[in-house]
Each structure stands twice: as C-alpha cells, then as structure tokens.
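Colleague: Before I ask anything, here is the structure I am working with.
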Amino acid sequence: MNNTGITRPVDNLGRVVIPVEIRNQLEIKEKDKILFLTEGKDIILRKHQQECIFCGKQKELIDFKEQKICKKCYEEIKGGFINEEEMP
Ligand SMILES: [Zn+2]
C-alpha cells in the first residue's frame, strides 16, 4: 500500500474529497462509484468496476432489470434459446 502523504479534512456531512492527483491516476470520473472496504482501522477506497453479472466482462455493459450485463449475454438472453449441450 502506498502512503501518498496527502490528507483531506472530513466535512460536517462526512464527505472527503479524493485528491485530483489520485482521481487522475486511477481515472476516477464524476459519477463513478467508489467501493468502501475496511481493514482494521484502515478504510480502503476502490474504484467500483461494473461487470456483467453472468460472465464478469467489464466492457459494453447494458442496464438490464437494475443489473449490468454485457452485450453478448444480453444477445443470448434476447435470443431466448438454451443450448441443451451446455446444461448440467
Ligand atoms: Zn456477460
């Protein structure tokens, strides 16, 4: 874990600004989601990567019933067929 040496105050609503240097480095943009993890007394902020709920792919995601699915899985579902050879 890197100690950046950067500190930021917590405001009266509990908000903390993520320093622009870190946002740029990790390509965190407005509206991106941040996942909060804790480990002992540490708080770890992680850029939340959206991924397909079926295959885990992180690109070409579509909102489907409040979940993220990739185009490929969406096309499979839309096709409405089940490949019987792949069934358990
Ligand atoms: Zn998928």
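Colleague: Could you tell me what fraction of 2.2 N^0.38 Å the Cα radius of gyration of the chain comes to, as a two-decimal ratio?
Modeller: 1.57
Colleague: Multiply the residue gap between GLU39 and THR7 by 0.36 nm, knock off their C-alpha separation, and tell me the result in nm, one decimal place. Present the calculation step by step, with values, prior to reporting the outcome.
Modeller: On the way: separation 32, 0.36 × 32 = 11.52 nm, distance 1.89 nm.
Extra length from GLU39 to THR7 when fully extended: 9.6 nm.
Colleague: With unit charges on the beta carbons (Lys and Arg positive, Asp and Glu negative) and the dipole taken about the Cα centre of the chain, which residue among GLY56, GLY80, GLY5 sits farthest to the positive side?
Modeller: Value computed over the given set: GLY5.
Colleague: Would you kindly derive the ³J(HN,Hα) couplings of the range 22-30 from the backbone phi angles with the Karplus curve 6.51 cos²θ - 1.76 cosθ + 1.60 (θ = phi - 60°), listing them in order in whole Hz, with x for Gly and Pro?
Modeller: 6, 4, 5, 4, 9, 6, 8, 10, 3
Colleague: I've got another one for you. Can you work out ³J(HN,Hα) from phi for every residue in the range 4-16, in order, using Karplus 6.51 cos²θ - 1.76 cosθ + 1.60 and θ = phi - 60°, giving whole Hz and x for Gly and Pro?
Modeller: Residue by residue, the range 4-16 yields 6, x, 8, 10, 9, x, 8, 8, 5, 9, x, 7, 10 Hz.
Colleague: To the nearest 0.05, what FRET efficiency results for ASN24 and GLU75 with a Förster distance of 41 Å applied to their C-beta separation?
Modeller: Calculated value: 0.70.
Colleague: Now, a different point. I need the fraction of alpha carbon pairs in the range 1-48 separated by more than 11 Å, rounded to a whole percent.
Modeller: Working: 863 of 1128 pairs.
The answer is 77 percent, as a whole percent.
Bear in mind that the values in this text are calculations on the coordinates, not laboratory data. Quantities reported herein were computed from a predicted structural model and do not represent experimental measurements. So basically every Cβ, Gly included, is an ideal-geometry build from the backbone, and we count neighbours across all protein chains shown.
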